[in-house]
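I have placed the structure first, in the form of structure tokens, so that the comments after it can refer back to it.
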Amino acid sequence: MIRRALTSSAIAALTSPRTVDHYLEQLHPMLTVDLVRARVVGVYRETSDSSTVLLRPNRAWRGFTAGQHVQFGIEVDGVRRIRCFSVSSSAANARRSFTVSVKAHPDGYVSQFLHRRLSLGTLVHLSQAEGEFVLPQPVPDPLLLLSGGSGSTPVMSMLRTLRDTGHRGRVVFLHYARSRDEEMFADELDQIAITMPNARVHRIYTRSPVPGSPLSGRITVDHLAYLDVDPTNTLTYVCGPAGFIAAVSRIYATHGDIAMLHTEYFKVPAVDPAAADMTGTVTFADSEVTVDNSGATILVQAEAAGLAPRFGCRMGICNTCAVRKHHGAVRHVVSGEVSAATNETIRICTHTPIGDVNLAL
Amino acid sequence: MSRLRRFPLIKPFSATDHDRAPQPIVGMDTVKRSPIGLEYLSYEQLDAFGAELDALRQRVLDDLGQEDADYIRRVVRVQRVSEVLGRLGIFCPFAWPVFAGGIGALALAKILENMEIGHNVMHGQYDWMNDPALDGQRYEWDFVAPSEDWRHGHNFLHHTYTNIHGLDRDIGYSTFRVDAAQPWQPRHRFNVPLALGLMLIFEFGVLLHGLERQEYRRGKISAEVFQVRRNRALKKIGRQVLKDYVAYPALALPLVPFVGWWAPLAVLSGTAVANVIRNAWAFTVIFCGHFPAEVQTYTRSDAENETRGQWYLRQLLGSANITGSRLFHVLTGNLSYQIEHHLFPDIPARRYPQIAAEVRKLIEKYQLRYNTGRLSRQVRSVLHQLATYSRRPASDAH
């Protein structure tokens, strides 16, 4: 009720051009009605290089569906750094708290920060949950949840949700990790294997297999056959590195039905400033244009691609050409500084792409 | 204007080899070098001067961090609090001191929002923080002129082509004659009274200036562009007027039985006075930035093919500072450091005092002029300019 009043157009007319949140946040940062914010209430180590962060969102949070991700923004040295993380917790009680589980990537500033330095009580700037990688209702039977490496987070959220909602259909959870030490949620998966009679949980450790394990190595159609999964009629949710998803896609294209496959990639910005800049592609998302990175500034590349972005001085002072960069790394042509943050504003006249870059242009 | 991608003799106007485009003004004669600053420095010195300022810029940028973020958030907090207190105070027309205090607090809030926050945020000074609320491209200010058109006319035209006749529309705002190189027109006789009038309604003056109606009539901008601008301006006026002069006065209606029929009118006039105070203040600061005597202006051909060093020098010689206390500087949005602002328009303004110290060392080293003075001196100088150039020049008489 109060929330509806505060977000009404009458209040908006009184606070224009700001929103009511810009005043409420001065009373307390968590009081916002539209901006989703959360406090870190727990940080748990999953493996030596991954952690689970428990978040308590404010009332602006509308919950999530298992499989979705959030934009997760923390401020370090005055800079808000935003990354997308899949929610890993059960969607039952989705409004009160949830977790994200993050593997610390060697180049990933935010994931390293989360893993090593995140303290309780930290304010996190969130988006609402987003993403189409969600289960249909009713949940199909049978169902395969397939993951590689830290791609287990969204399917783990699905499995936990199915457990907590008493799902009775057949579920196969097949996960590929390098070793048990590098596997997230290992103990809980053991528990689920015991307590959920309709679920088959199977892990394959590619580097250090369990002795006597019937399955080993990278994914093949035989692995699916051993678990009685028929790729022609089993709705499959797969998340993992691009190579893993490509392998699964090949199996489904050859031995099953590719339409049964739902995929979610997780993307770690791979930045190699030492490598030549002229690699990868530049994607102008709003115009739906993708070009090979020519090494020129993004403004020049956009113009070469036939776009007409706004620009002014073309020397980095007037800020006319600033646009949102969705993801990817860029280098400033004057300072040489590399910036790889997700969802940040850059001036395209003075930045060149390094590898794949996606922009709101 | 022509933009050339390839440029043979003169080093491109950018520190980059990736992009040879950023040539603000490239003349037809690409071999000719710009004469800007030659009366003070040689080309080699100009290059060295430019390189030193580039290095200074990078030093400050590398140092940006938590303190700068905390500063702007503190300013935002003071602004929000004083806005709310101001609005509340204006709702107490039955207690005159509270009412007057409310007007003062609201005027302060509007001044902070327009100058230290709005103007500076729209320059992209805080884009590095990646906070959507402080994002230069998305920020909309509490001012009738739409941000979008301000960013074009101010950030781009005025800051790139500072004080170049025919390009920088801010020389006299196409209304006043403030420089000998501007052709005299009969309306310039009223330079001083017109300026005092504009002072009171400055936000509408800025709005009209941003519309570029004259340019549209002369065919310099298309009908579509003009239509979009006009509609945007009307919409913004609507929102601002609705808020200040309809919505808040309407909230005072419940006061009528207790205070009298005039309560909503008092709220309306209190808000109007706050807006006028802000207008007068912004006008004063902005006119003192470029119009005092000794500020130099340039012709387009002077600026053709200028180098980075010459661009910096043009910014330096085309701007004037105002001295004052720390509070004074904050209230001007640090535009009292107009010179530093023009050298580095996208560096957070709280850094300008620190930059000024280094700029002054360079001024001494290269024996250049640094135009600065007390507010009263600069205001007198501006008034004197307005009065002087209001008279028809002798050579003009037929």
Inset, instruction - Scan segment B:73-85 and give yes if some residue there is part of a helix (DSSP H, G or I), over 20 Å from A:S16 (Cβ atoms) and modelled with pLDDT under 95, otherwise no. - result: no
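Quick one: would you say A:L55 is at pLDDT 90 or above and farther than 30 Å from A:P231 by Cβ?
Numbers: at pLDDT 90 or above: yes; farther than 30 Å from A:P231 by Cβ: yes.
Against the criterion (at pLDDT 90 or above and farther than 30 Å from A:P231 by Cβ), A:L55 qualifies.
Among the residues of segment B:216-243, write down those that are farther than 18 Å from B:I103 by Cα and in contact with a Ser or Thr (Cβ under 9 Å, 6 or more places away or on another chain). Don't jump to the end; show me each part of the working.
Initial filter on segment B:216-243 (farther than 18 Å from B:I103 by Cα): B:216-239, B:242.
Passing the criteria: B:Y216, B:K236, B:R239, B:L242.
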Inset, instruction - Consider only pairs whose beta carbons are under 7 Å apart and that are at least six residues apart or on different chains; among these, list those whose first residue lies in segment A:169-187 and is closer than 16 Å to A:S216 by Cβ and outside the structural domain of A:V102 (by TED's automatic domain parsing) and whose second residue is acidic (D, E) and buried (at least 20 other Cβ atoms within 10 Å of the Cβ). - result: A:A177/A:E183
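Taking segment A:282-311, which residues are facing chain B (nearest Cβ under 8 Å) and either of a type in the set (D, E) or touching a residue at least 24 places away in the same chain (Cβ under 8 Å) (or both)?
Kept after step one, since they are facing chain B (nearest Cβ under 8 Å), are these residues of segment A:282-311: A:295-297, A:299-300.
Passing the criteria: A:G295, A:A296, A:T297, A:L299.
Among the residues of segment B:265-321 satisfying the criterion of being polar (S, T, N, Q) and closer than 21 Å to B:V359 by Cα, which is farthest from the chain's Cα centre (by Cα)?
Filtering segment B:265-321 for residues polar (S, T, N, Q) gives B:269, B:271, B:275, B:279, B:284, B:296-297, B:299, B:301, B:305, B:307, B:310, B:315, B:319, B:321.
Pick out the ones that are also closer than 21 Å to B:V359 by Cα and you get B:296-297, B:307, B:310, B:315, B:319, B:321.
Numbers: B:Q296: 17, B:T297: 17, B:T307: 24, B:Q310: 21, B:Q315: 13, B:S319: 11, B:N321: 13 Å.
Taking the candidates together, the pick is B:T307.
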Legend entry - Search result, residues across segment B:169-204 that are in a loop (DSSP other than H, G, I, E, B) and surrounded by 22 or more Cβ atoms within 10 Å (Cβ to Cβ): B:I171, B:F176, B:R177, B:V178
Legend entry - Residues satisfying the stated conditions in segment B:117-143, i.e. of a type in the set (S, T, N, Q) and either closer than 20 Å to A:F311 by Cβ or assigned to a loop (DSSP other than H, G, I, E, B) (or both): B:Q125, B:N130, B:Q137
Inset, instruction - Please indicate, with yes or no, whether at least one residue in segment A:194-215 is without any contact (Cβ under 8 Å) to a residue 60 or more places away in the chain and part of a helix (DSSP H, G or I). - result: yes
Inset, instruction - May I ask you to list the residues in segment B:80-119 that are under 20 Å from B:Y337 (Cβ atoms), within 11 Å of another protein chain (Cβ to nearest Cβ) and not β-branched (V, I, T)? - result: B:E113, B:G118
Inset, instruction - For residues that are surrounded by fewer than 19 Cβ atoms within 10 Å (Cβ to Cβ) and under 15 Å from A:D141 (Cα atoms), tally how many sit in segment A:197-226. - result: 3
Legend entry - Residue in segment A:287-304 that is hydrophobic (A, V, I, L, M, F, W, C), outside any helix (DSSP H, G or I), at pLDDT 85 or above and out of contact with any Ser or Thr (no Cβ under 7 Å at 6 or more places or on another chain) present: yes
Legend entry - strands (runs of 3 or more DSSP E) wholly inside segment A:9-128 containing at least 3 residues that are within 13 Å of chain B (Cβ to nearest Cβ): A:69-76, A:79-86, A:123-126
Inset, instruction - Please state which one of B:E340, B:E294, B:E364 is free of Cβ contacts under 8 Å to residues at least 40 places away in the same chain and either within 14 Å of another protein chain (Cβ to nearest Cβ) or outside any helix (DSSP H, G or I) (or both). - result: B:E340
Inset, instruction - Scan segment B:322-344 residue by residue and report those that are farther than 30 Å from B:D29 by Cα and either crowded, with 24+ Cβ neighbours inside 10 Å or within 13 Å of the chain's Cα centre (by Cα) (or both). - result: B:I322, B:T332, B:G333, B:N334, B:L335, B:S336, B:Y337, B:Q338, B:I339, B:E340, B:H341
Inset, instruction - Filter segment B:51-67 for residues that are among the aliphatic types (A, V, I, L, M) and not in a helix (DSSP H, G or I) and give the result. - result: B:L64
Inset, instruction - State whether one or more residues within segment B:106-122 are of a type in the set (D, E, K, R) and within 18 Å of B:L207 (Cα to Cα). - result: yes
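What residue, of A:N343, A:N319, is among the polar types (S, T, N, Q), facing chain B (nearest Cβ under 10 Å) and more than 30 Å from B:T307 (Cβ to Cβ)?
A:N343
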Inset, instruction - From (1) closer than 20 Å to B:F99 by Cβ; (2) modelled with pLDDT of 95 or more; (3) touching a helix residue (DSSP H, G or I) at 6+ places or on another chain (Cβ under 8 Å), pick out the condition that doesn't hold for B:V246. - result: (3)
Inset, instruction - Please find, within segment A:145-155, the residue that is surrounded by the most Cβ atoms within 10 Å (Cβ to Cβ) out of those that are under 17 Å from A:L235 (Cα atoms) and touching a helix residue (DSSP H, G or I) at 6+ places or on another chain (Cβ under 8 Å). - result: A:L146
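The values are calculated or read from the model by the stated rules, or taken from the named source; none is laboratory data. Because the structure is a prediction, the values reported are computed rather than measured. Here the Cβ is made from the backbone with ideal geometry for all residues, glycine too, and neighbour counts use every protein chain on show.
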